[in-house]
Structure formats: C-alpha cells, structure tokens
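The values are calculated or read from the model by the stated rules, or taken from the named source; none is laboratory data. Everything numeric here is computed off the predicted structure, so don't read it as measured data. Cβ sites come from the backbone with ideal geometry, for glycine too, and all protein chains shown count toward neighbours. The accessibility values were calculated without ligands, DNA or RNA, using every heavy atom of the protein model including side chains. Shrake-Rupley method; radii C 1.70, N 1.55, O 1.52, S 1.80 Å.
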Amino acid sequence: MFEKKILTKSSFFSLLLFLLLILPSGASNQTGSAVEALENLNSTKTGVFTSGELVYVSNGKDLGSESYELTKRESGEIVLTSNGVVTPPIPIPFVKPKIKFDQEITVGEDFAPKSLRLDYNGPFGIGSDRIRATVRDGRVEAVLGGDNKQVSLETTYSFFQGTGGSQALTALILVSKDGLNEITEIRTGGTGPQSGDKDRLKVNLELKREENQNLEINGNRKKVRRYVLSDPGSSVDKVILTDGGTFIAYLRVGGENPFFVYRSDLLGEDYEFDYQR
C-alpha cells in the first residue's frame, strides 16, 4: 500500500528556497531581455552580468552569427568572451567557407583596453588567422596576420575593434562617460568591413551626434540611444544603438556595402534597419 504524499505550504516554500539557492547568481540577467547592462554591471560583484546573440548582415545577405557574454572579475576587470561563425563576402569558386572564431577581450574597471585574443579557424586554413593585442604603458602592441605593429595610445577613451560582440564594451563606454567627444578605435582585425586596417592600427573617432531612436524590442516600442561616430579619414560613419549600456546594434552607414550587426535575441532574426546618417 502506497502512502499518499501531500505538499504542505511549508514544504512548498522549502522547495522554492532550495531552487533559488541552486540557481546560478545573475541567471536572470543572461537573457535576451533589454535589461540595462550598466545597471547589472554595477550591481554584480562577480560573474556574468549580460549576454547576447548577434546576427551579421552584409549587403542584405546573412554573413554570420555570434554569441557573447560579459563577465565581471573580483578585481573589477571586465572580460568579454564570444564565439561564432562568419561567411566571407568575397566569392570563392566552388567554396562557401564558414569560418569559426572565438574571442576574449579584457578591459579594466574603467573600461580601458588591456588585451585581445581573437582566433579564426576556416576549412583547409581558408580565412584562418591569429590576432593578439595588448595595451601597456600607453602603447598598443599587436600581431595582425603575422605582422607586428605598435602605436602610442595617448587618449582618454579607447576600445578594441574586435568582432561585432566587442561593441557591447563600446556601448558601456558611451553611456557611462560624460563629456565624451572623441574615442580611439584600435583596429584589431574583427569581422566586417574595415575592421582591420593595414595602414592605421588606431583611428580617432569623433562623436558626431547623440540622439534618441525608436525601436521595437521584444514586441514593445522602445526609445533607445543612438551614437554616431565619425572617422575623419572616411565617408563611413559608425553607429551604435544601446539602451542603458545594453548593446543592441552596430551599423556602418554611408558606405557602398551596407553592413550591420544586431541582437537577434532582442530584435528577431530578420530585422531591417533604415540606413540614415
């Protein structure tokens, strides 16, 4: 004869407490919801404070995807880890290589860049590359495509231009730094056009303007912040959309080949952007 078990009110709350204890801290923050990343960072002692899923689109065609996480260390350092796959927009006869990549970027508590590691692995070595960069004593030292490069970094704000996921760090800088008029982009061979630059390892971008833009996020109309960064040596602007430090999208505006990266977990798989300057 079986004894009938009854879930009492006290045992229910004991079970609920147990589930809360075994859930990883910050689990609710690792989502596609538009939770403010800067607020999560400030309230997190250690661990992952935000994450996202990205889609790459070049000239109207699917170029690839990426997943990323931002983690806060006990030291206050912030680490971005990501991985994904891209298909080069350059046609190769009889081959459509999918190149896998993984990346790690470490910045200080003040978002100052410290190191970047970015590896590309393509079939039969097609598109494979190993990129390393460090910032020490006001200088950037980088290995790009087997070439060693160095440049001084005399600037207040700067960031590594890695893959699309690296823009999640840039978004945090833009929303947290008052009076930012200029920011240095360290071009370390990321995904997309002009991510690596044979002639310029660093580019001083000017904050052309900062404005609001309406977007539909998770079915809700929301007002986000739009930052337009201008490269004086190019006709192309770099646009970053963010909400409270949460990275939403990165667009290259003004070039012949439209390119953008966006949060598919926020905007859906087939979102289309207006390429306004």
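For segment 90-191, the solvent-accessible area works out to 49 Å² per residue, with a probe of 1.4 Å and every protein chain left in place. Estimated at 0.36 nm per residue, the fully extended path between SER152 and GLU211 surpasses their Cα-Cα distance by 18.1 nm. Atom-type composition of the exposed protein surface of segment 75-178 places 51 percent of the accessible area on carbon and sulfur (1.4 angstrom probe). The listed residues SER235, SER230, once ranked by accessible area (1.4 Å probe) with the largest placed first, stand as SER235, SER230. Pairwise Cα distances in segment 197-277 exceed 22 Å in 26 percent of cases.
Hydrodynamic estimate: the Kirkwood radius of segment 107-263 over Cα pairs, inserted into Stokes-Einstein at 20 °C and 1.002 mPa s, corresponds to D of 131 µm²/s.
Annotation: extensible slack from ASN218 through SER75 equals 48.0 nm (criterion: 0.36 nm per residue apart, minus Cα-Cα distance). In this rough spin-label picture, where each label sits 7 Å from Cα along the Cβ direction, the ASN204-LYS45 distance is 4.3 nm. Pairs spanning more than 29 Å between alpha-carbon atoms, out of LYS100/LYS222; LYS100/LYS238; LYS100/LYS149; LYS114/LYS208: LYS100/LYS222.
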